[in-house]
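Accompanying notes for the structure given below.
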Amino acid sequence: MGYDLNFTLIWRHFDKLWSGLILSLELAILSIGIGIVIGLILAVIYVSGGRIARALIAAYVELIRNVPLILLVYLVFYGIPTVFDFAYDNTTSFVMTLSVYAGAYLVEVFRAGLDAVPKGLIDAGKAIGLTPWQRLVHVRLPTMLRMTLPALSNTFVSLFKDTSVASVIAVPELTYGAQWINFNTFRIMEVYLVVTGLYLVTGYAILLGLRALERRYSIGR
Amino acid sequence: MSGKPTGATPLLRIKGVQKSFGSTHVLRGIDLDVARGEVVTIIGPSGGGKTTLLRCVNFLETYDRGSITIDGAEVGYRDGEARKRRTETDLARMRAETGMVFQLFNLFPHLTAAQNITLGLTRVRGLGRAEAGDKAMHWLKRVGLADKAGHLPSELSGGQQQRVGIARAVAMEPKILLLDEITSALDPELIGEVLDVVLSLAADGMTMLIVTHEIGFARDASHRIVFMAEGTVGAEAPPAEIFSPNQPNERLRSFLGRFSAAHRL
């Protein structure tokens, strides 16, 4: 074991890691935001729509869940522009991919949540004369969101970690920054130790934030 | 129970209502009228169709045959013999005219006691925020929970939750109030506070159709008691007649006998 840890070169390039971390967070927030919209819309269509809509949504969910994210990233960034003859930048391409990926996982969370809203609450909404749309907006969705908070926390932290896959198409996020420092300084242990610490601290901070939300909003039954 | 119900034509008219769940014939042709201001209580063994009948009255359950009208309007269906199901908007509008209180309270868990009441007032009745808030407070005071307005259901006892449930229903000023075994899920010591609220509503002249296992309450609160078993009305009479030792209906006598053995009536 003749390896001496030396972090000097890492600190010299720390701005690369810091800007990478910020970009990772931005990628995660954007993709989760778009994913939530996709997930909510498709979950509502799933629980209230016909057979064909259900089958299409189920196919989308299964496709995404059974294909590795890295493959989807390649497919969207290299594949689609080749076939349709246009180009987009790597960051846009990755946000699109991760959003669609997040959407598939979130449809499942929201769909299960909508199914789990107690029937009695829907009856109570009917009994005071709410229309189906009002029941959805004022009873089912708010109840469902509070019930699914614990599952959402896990999904959000996973999606934050998944932003590291963007490094394979040279999006300058945290993992890409780490690779750059590694190639240019060869301090492999140091850089990955620091980056591991950054992912750990950020992921844990996200989890703590969401736990606080859970405590505030989760439904004690 | 004092105070005579008024009106020649009944407010609620149930005629020949039948309903099956699969091969189980739950309602086998029910006839029942409730006059304006009348309190009618349905008693009977579990599985006799009491709750199902109540849920048909505001169309939480569909019914297969017969007719239910409130103030002359057919519940759930339209076009007479054609029996077309009403549109959801139409159903919502009709349901707003019947209040319902549930066995398991069914308060909206993400809303405070006051918000549980104002939701229907603002979204269905179209009241402004302030007016709805005043009305919610009025009813919370009436059920003795003015100090709990800002509490979530999870912060209230069962009895308190049920009183909010009653306030939520009556604040909508329904033509008739349906009470579905509203004390069955409560600890014995909390039943009284809920039944007191119901008695005070009855004294105000609120029309009510009640399903309950509280036989003593049924006797004290009702103008009329209906005994339902196996999907039919077995007996229907004022409490004094129902509880008379000369009651001719054998099944009713044995049903009441089991109760008086357990509780002193």
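Go through the residues of the stretch B:222-240 one by one and say whether even a single one is in a helix (DSSP H, G or I), under 22 Å from B:Asp33 (Cβ atoms), open to solvent by less than 10 Å² (accessible area, probe 1.4 Å) and at pLDDT below 95.
no
Considering only the stretch B:173-192, state which residues are out of contact with any strand residue (DSSP E or B) (no Cβ under 6 Å at 6 or more places or on another chain) and either among the hydrophobic types (A, V, I, L, M, F, W, C) or surrounded by 19 or more Cβ atoms within 10 Å (Cβ to Cβ) (or both).
Result: B:Thr183, B:Ala185, B:Leu186, B:Leu190, B:Ile191.
Consider A:Leu106 carefully, then state whether it is modelled with pLDDT of 95 or more and closer than 30 Å to A:Ile80 by Cα.
yes
Condition (residue is open to solvent by 50 Å² or more (accessible area, probe 1.4 Å) and touching a residue at least 60 places away in the same chain (Cβ under 8 Å)) applied to the stretch B:205-219: is it met by at least one residue?
Yes, the conditions are met somewhere in the stretch B:205-219.
Quickly run through the stretch B:95-114 and pick out the residues that are more than 7 Å from every other protein chain (Cβ to nearest Cβ), more than 20 Å from A:Leu136 (Cβ to Cβ) and open to solvent by 10 Å² or more (accessible area, probe 1.4 Å).
Within the stretch B:95-114, B:Glu97, B:Gln103, B:Phe105, B:Thr112, B:Ala114 meet the criteria.
Considering each residue of the stretch B:116-141, count those that are open to solvent by 70 Å² or more (accessible area, probe 1.4 Å), at the interface with chain A (Cβ under 10 Å from one of its Cβ atoms) and either touching a His at 6+ places or on another chain (Cβ under 8 Å) or part of a helix (DSSP H, G or I) (or both), and give that number.
Number of matching residues: 1.
Specify which of the listed residues (A:Asp115, A:Asp123) is within 14 Å of another protein chain (Cβ to nearest Cβ), part of a helix (DSSP H, G or I) and under 26 Å from B:Glu61 (Cβ atoms).
A:Asp123
Taking the stretch A:9-55, which residues are surrounded by fewer than 17 Cβ atoms within 10 Å (Cβ to Cβ) and over 24 Å from A:Ala112 (Cα atoms)?
A:Leu9, A:Trp11, A:Arg12, A:Phe14, A:Asp15, A:Trp18, A:Ser19, A:Ile22, A:Leu25, A:Glu26
Would you point out the residue of the stretch A:91-112, among those that are open to solvent by 40 Å² or more (accessible area, probe 1.4 Å) and among the aliphatic types (A, V, I, L, M), that is nearest to the other protein chains (Cβ to nearest Cβ)?
A:Ala112
Does A:Val171 satisfy being among the hydrophobic types (A, V, I, L, M, F, W, C), in a helix (DSSP H, G or I) and surrounded by 14 or more Cβ atoms within 10 Å (Cβ to Cβ)?
In short, no.
Given the criterion small (Gly, Ala, Ser), in a loop (DSSP other than H, G, I, E, B) and either in contact with a Phe, Trp or Tyr (Cβ under 8 Å, 6 or more places away or on another chain) or more than 14 Å from every other protein chain (Cβ to nearest Cβ) (or both), identify the matching residue among B:Gly47, B:Gly16.
Only one candidate passes the filter, namely B:Gly47.
Restricting attention to the stretch B:55-91, and to residues there that are among the polar types (S, T, N, Q) and either free of Cβ contacts under 8 Å to residues at least 24 places away in the same chain or in a helix (DSSP H, G or I) (or both), which single residue is nearest to A:Ala127 (Cα to Cα)?
B:Thr89
The values are calculated or read from the model by the stated rules, or taken from the named source; none is laboratory data. Please read these numbers as outputs of a predicted model, since none were measured by experiment. Neighbour counts are summed over all protein chains in view; Cβ atoms, including those assigned to glycine, are modelled from backbone coordinates with ideal geometry. Protein only, heavy atoms only, side chains kept; ligands, DNA and RNA dropped before computing areas. Shrake-Rupley method; radii C 1.70, N 1.55, O 1.52, S 1.80 Å.
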